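**Q** Here it is, the structure in full.
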Amino acid sequence: MTQKNSAWQRVLNARKTDRPKALDLIPYLFDEFFELSGDRAYGDDKAIVSGLAFFEGIPVTVLAQSKGRNLEENMACHFGMAHPEGYRKAMRLAKQAEKFNRPIVCIVDTAGAFPGKGAEERGQAEAIASSLKLFSSIKVPVITFVLSEGGSGGALALSVADRLYMLENAIYSILSPEGFASILWKDESRAQEAAELMECTAYDLYAKGIIDKIIMEPTEGFENNKSFVITAMKNEIRNDLSALRKLKTSTLLDQRYKKFRDIGVKI
Amino acid sequence: MNTQFYKRKERLNLFQKLFTKVDKTDLKNTQDSTPLMCPSCNTPISQYDLKVHLSVCPNCNFHFSLGVQERIAQLVDEKSFKELYRSAKSNKINDFPEYQKKIAKAQDSTGLQEAVTTGIAEINGKTVALAIMDARFIMGSMGQIVGEKITRLIEVADKKKYPLIILSASGGARMQEGILSLFQMSKTASALARFDEHGGLYISVLTHPTTGGVSASFAMLGDIIIAEPKALIGFAGRRVIEKTMNEQLPEAFQKSEFLLEKGFIDAIVHRKDLKTTLSNLILMHKVSS
Ligand SMILES: [Zn+2]
């Protein structure tokens, strides 16, 4: 597969305000979604929307990073940047999914974990670290879609999965192109240049063997033809659930371990 | 005045025992050099004084970042350290602008090949798998080689049933290696999950500074987490937070003492006590058959 658009064009596409968000897709991907809230320790973080639903009759746990569709929603969910309680809610529900043998479907869409005083006081680093560790060994199938923005450790926390997909215009990076430019050249305005250098598109991640597949978007744009993408996502979920649910738990976990163990150079 | 004098004297006494261990010829070389400013209390300290005090500020107890060689000398039994994966380097790993030059420069100035040194060593006669990060090497950042070396070490500890000790000192993931360095976080965390499941003991020691992708992966996953005094430990950078919050953060924010108060580390241990502490903790995890 090759890419036609520049990386910067994809960054702009991924950030379009009218690009569908997790809340726009959940009702079409699943039936009877029932939201479950709270980390049972501190609070409920709207940057991660989670709950139970049916996928074509199969019960699943849904963990979705959720950006707002308007200012009011964005204020409530901190523009989709999760606090530690968001990751702890996701971990609580992942363990619950394991208990009831429910597969997990994750949606990643965040500029990054929330950089704030409260987030640090409540252990943002610990929450992300624990999430990485937990998902690497959770005994049910995990399928993750990177919807638009996959920003740094905050996105990675929900990316340790048996199948990892990116939408064609999604980006995934170690930090934002703006942050990258400001560290590298002390100049945020060179974000476009940074984006080209960062290898952050779905095509880049596919070439590096990090993601399993690119979910193609329609030529008229995801925002103008949602069902095109929804159909493609459902096809993957259907195939994956059928394949992954047949595996012995030890095989499932060995394959997941190997998948993440093999990323990057070996010595 | 008097109490301050006694405190100083007490501190001097504490270090007297350790003084004998310091290489004398090495000290001579530091005698004429310019003093360093303590980043915590802004007091000038001669390099000689710093060396004698195990790179701890004699005025405020700030623990300076320590090079790997000094750390090994302070922490493990003499001549017991056997390095693993020393030949693993990031040279030629990619063609990111200026990156290769940066690596070569770091290798030149530190005498190390990478930001982490891994090996097997003995601490008071107990064999451990040991990883030591060095903040002087491209800010101790984690690229693919750092992630791979740490993962390999965890796997060795798992196989051989050695306690695992990692001393972190890092600004986070290495941006010159982009997304592949980000995924070293999940790689190391996955390896630790297996080690954990098999009953392995992992003691994480956080030293100045431990932030970003390293704090948000293996550094925060210890069965026991120890920090050196006044180390900077956190996820997001202070400036980023201040920009988001539009307010000044207190001085103590993201310091070891702050993390202890918030419940994210088990203890703060002075450098001079670290070896004894680790040695005791290992003994407390001895599995009886
Ligand atoms: Zn000082």
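The values are calculated or read from the model by the stated rules, or taken from the named source; none is laboratory data. All values derive from a computational prediction rather than experimental measurement. Quick reminder, even Gly has a Cβ in these numbers, built from the backbone with ideal geometry, and neighbours come from all protein chains shown. Surface accessibility is based on the protein's heavy atoms, side chains included, excluding ligands, DNA and RNA. Shrake-Rupley method; radii C 1.70, N 1.55, O 1.52, S 1.80 Å.
**Q** Only helices (runs of 4 or more DSSP H) wholly contained in the stretch A:42-123 count here; list those with 3 or more residues that are under 30 Å from B:Glu251 (Cα atoms) and modelled with pLDDT of 95 or more.
**A** A:84-99, A:117-121
**Q** Any chance you could count how many residues in the stretch B:175-196 are in contact (Cβ under 8 Å) with a residue 40 or more places away in the chain and not in a helix (DSSP H, G or I)?
**A** Residues in the stretch B:175-196 being in contact (Cβ under 8 Å) with a residue 40 or more places away in the chain and not in a helix (DSSP H, G or I): 0 in total.
**Q** Take the stretch B:161-175 and flag every residue that is among the hydrophobic types (A, V, I, L, M, F, W, C) and open to solvent by 10 Å² or more (accessible area, probe 1.4 Å).
**A** B:Ala173, B:Met175
**Q** Within the group A:Asp187, A:Asp262, which residue is in contact with a helix residue (DSSP H, G or I) (Cβ under 8 Å, 6 or more places away or on another chain) and surrounded by fewer than 19 Cβ atoms within 10 Å (Cβ to Cβ)?
**A** Checking each option against the conditions leaves just A:Asp187.
**Q** Quick check: anything in the stretch B:245-262 exposed (fewer than 14 other Cβ atoms within 10 Å of the Cβ), small (Gly, Ala, Ser) and either modelled with pLDDT of 95 or more or not in a strand (DSSP E or B) (or both)?
**A** yes
**Q** Consider A:Glu196 against the criteria (1) without any contact (Cβ under 8 Å) to a residue 12 or more places away in the chain; (2) charged (D, E, K, R); (3) open to solvent by 70 Å² or more (accessible area, probe 1.4 Å): it satisfies all of them except one. Which criterion is unmet?
**A** Evaluating A:Glu196 over (1) without any contact (Cβ under 8 Å) to a residue 12 or more places away in the chain; (2) charged (D, E, K, R); (3) open to solvent by 70 Å² or more (accessible area, probe 1.4 Å) leaves (1) as the failure.
**Q** Give the residues of the stretch B:245-276 that are of a type in the set (Val, Ile, Thr) and out of contact with any strand residue (DSSP E or B) (no Cβ under 7 Å at 6 or more places or on another chain), sorted by residue number.
**A** Matches in the stretch B:245-276: B:Thr276 only.
**Q** Mind counting the residues in the stretch A:210-250 that are among the hydrophobic types (A, V, I, L, M, F, W, C) and out of contact with any helix residue (DSSP H, G or I) (no Cβ under 9 Å at 6 or more places or on another chain)?
**A** Going through the stretch A:210-250 one residue at a time, the tally reaches 3.
**Q** Still on this model: Would you pick out the residues in the stretch B:227-237 that are more than 7 Å from every other protein chain (Cβ to nearest Cβ) and within 21 Å of A:Ser131 (Cα to Cα)?
**A** Within the stretch B:227-237, B:Ile233, B:Gly237 qualify.
**Q** Out of (1) of a type in the set (A, V, I, L, M); (2) modelled with pLDDT under 95; (3) away from the ligand (no atom under 16 Å from the Cβ), what's the single condition that is false for B:Ile103?
**A** Every listed condition holds for B:Ile103 apart from (2).
**Q** Of all residues in the stretch A:240-258, which are more than 19 Å from A:Ser159 (Cα to Cα), exposed (fewer than 12 other Cβ atoms within 10 Å of the Cβ) and of a type outside the set (Ser, Thr, Tyr)?
**A** Within the stretch A:240-258, A:Lys246, A:Lys248 meet the criteria.
**Q** State all residues of the stretch B:209-223 that are crowded, with 24+ Cβ neighbours inside 10 Å and more than 7 Å from chain A (Cβ to nearest Cβ); if no residue qualifies, say none.
**A** Result: B:Thr210, B:Thr211, B:Gly212, B:Val214, B:Phe218, B:Ala219.
**Q** Are any residues in the stretch A:126-156 farther than 19 Å from B:Asp196 by Cα, within 11 Å of chain B (Cβ to nearest Cβ) and open to solvent by less than 10 Å² (accessible area, probe 1.4 Å), and if so, which ones?
**A** The answer is A:Gly150, A:Gly151, A:Gly153, A:Gly154, A:Ala155, A:Leu156.
**Q** Here is a follow-up. Could you tell me whether B:Thr117 is touching a residue at least 24 places away in the same chain (Cβ under 8 Å), of a type outside the set (D, E, K, R) and either within 14 Å of chain A (Cβ to nearest Cβ) or within 16 Å of the ligand (Cβ to nearest atom) (or both)?
**A** For B:Thr117, the condition - touching a residue at least 24 places away in the same chain (Cβ under 8 Å), of a type outside the set (D, E, K, R) and either within 14 Å of chain A (Cβ to nearest Cβ) or within 16 Å of the ligand (Cβ to nearest atom) (or both) - is met.
**Q** What's the total number of residues in the stretch B:154-191 that are under 16 Å from the mean Cα position of the chain (by Cα) and among the aliphatic types (A, V, I, L, M)?
**A** The qualifying residues number 6.
**Q** For the stretch B:181-202, check the following and say yes or no: at least one residue is more than 10 Å from chain A (Cβ to nearest Cβ), under 24 Å from B:Ser55 (Cα atoms) and not β-branched (Val, Ile, Thr).
**A** no
**Q** Out of everything in the stretch B:120-160 that is surrounded by fewer than 20 Cβ atoms within 10 Å (Cβ to Cβ) and basic (Lys, Arg), what residue ends up being farthest from the other protein chains (Cβ to nearest Cβ)?
**A** B:Lys126
**Q** Residue by residue through the stretch B:263-289, note down the ones that are crowded, with 19+ Cβ neighbours inside 10 Å and among the basic types (Lys, Arg).
**A** Of everything in the stretch B:263-289, just one residue is crowded, with 19+ Cβ neighbours inside 10 Å and among the basic types (Lys, Arg), namely B:Arg271.
**Q** Shifting gears a bit: Determine which member of the set A:Ala119, A:Ala125, A:Ala111 is more than 30 Å from A:Thr249 (Cα to Cα) and without any contact (Cβ under 8 Å) to a residue 40 or more places away in the chain.
**A** None of the others qualify; the one that does is A:Ala119.
**Q** Tally up the residues in the stretch A:223-267 that are assigned to a loop (DSSP other than H, G, I, E, B), basic (Lys, Arg) and within 10 Å of another protein chain (Cβ to nearest Cβ), please.
**A** Of the residues in the stretch A:223-267, 1 are assigned to a loop (DSSP other than H, G, I, E, B), basic (Lys, Arg) and within 10 Å of another protein chain (Cβ to nearest Cβ).
**Q** Moving to a separate point now. Mind checking which residues of the stretch B:181-223 are of a type in the set (A, V, I, L, M, F, W, C) and under 14 Å from B:Leu259 (Cβ atoms)?
**A** Of everything in the stretch B:181-223, those that are of a type in the set (A, V, I, L, M, F, W, C) and under 14 Å from B:Leu259 (Cβ atoms) turn out to be B:Val205, B:Leu206, B:Ala216, B:Ala219, B:Met220.
**Q** Here is a further query. List the pairs whose first member sits in the stretch A:173-186 and is assigned to a helix (DSSP H, G or I), whose second member is open to solvent by 40 Å² or more (accessible area, probe 1.4 Å), and whose Cβ atoms are under 7 Å apart, counting only residues at least 6 apart or on separate chains?
**A** Sorted first by the residue in the stretch A:173-186, then by its partner, the pairs are A:Glu178/A:Glu188; A:Ala181/A:Asp187; A:Ala181/A:Glu188; A:Ala181/A:Arg190; A:Ala181/A:Glu193; A:Ser182/A:Glu188.
**Q** Now for a different question. For the structure I just gave you, tell me whether A:Val160 is in a loop (DSSP other than H, G, I, E, B), among the β-branched types (Val, Ile, Thr) and buried (at least 22 other Cβ atoms within 10 Å of the Cβ).
**A** Judged against the criteria, A:Val160 is a match.
**Q** Within the stretch B:44-96, count every residue that is more than 14 Å from the ligand (Cβ to nearest atom), in contact with a Ser or Thr (Cβ under 8 Å, 6 or more places away or on another chain), more than 14 Å from chain A (Cβ to nearest Cβ) and not in a helix (DSSP H, G or I).
**A** Of the residues in the stretch B:44-96, 2 are more than 14 Å from the ligand (Cβ to nearest atom), in contact with a Ser or Thr (Cβ under 8 Å, 6 or more places away or on another chain), more than 14 Å from chain A (Cβ to nearest Cβ) and not in a helix (DSSP H, G or I).
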